[in-house]
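Undergrad: Dropping the structure in here first, questions after.
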Amino acid sequence: MRGLGVARRVGDRDIAEDLTSDVFHKALASLRNYESRGVPFAAWLLRIAANAVVDQYKRAAREAPGSEAAPEAAAKPDMEQAEHRARLFRLVNELPEDQRHVIVQRFVEQRSIREIAQQFGRSDGAVKQLQFRALQNLRARMEGANA
């Protein structure tokens, strides 16, 4: 799954496919225990994926002695990235409804400005303006959260 970024992190397509499959098996097996807690479902999946990547690095380190520092160095950015994405998902959910819909359609569903405009019955310019406002809003909130 492109959104999990497993392939980029492990650098081997076959291993990435196996890990992605494992992530979804683990998610399905744990689904009844999932609690929202204000964090989007995608963030929960990203956490599972990050843990799977860390586990893969640990397995690889055991197979190649002397390289045990690699898993720890690689694990921290993955966790930070997952937490950053979770915060971003929360902030997107707090946007005004029309801005939220444009951001989700544009960046999650990867629809064009024209497709979104047709769906909402608005001009391309109006959708671009909504996207611009939403991104400004998100940027301000992210900077405020980091301050």
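Undergrad: Whole-Hz Karplus ³J(HN,Hα) for the stretch 16-23, in order, using 6.51 cos²θ - 1.76 cosθ + 1.60 and θ = phi - 60°, x for Gly and Pro?
TA: Taking θ as phi minus 60°, the curve returns 4, 5, 4, 5, 4, 4, 4, 4 Hz for the stretch 16-23.
Undergrad: Over all directions, the average projected area of the alpha-carbon convex hull for the stretch 96-147 comes to how many nm²?
TA: 3.4 nm²
Rule-based calculations on the coordinates, nothing more; no lab input. Please read all numbers here as calculations on a predicted model, not as lab measurements.
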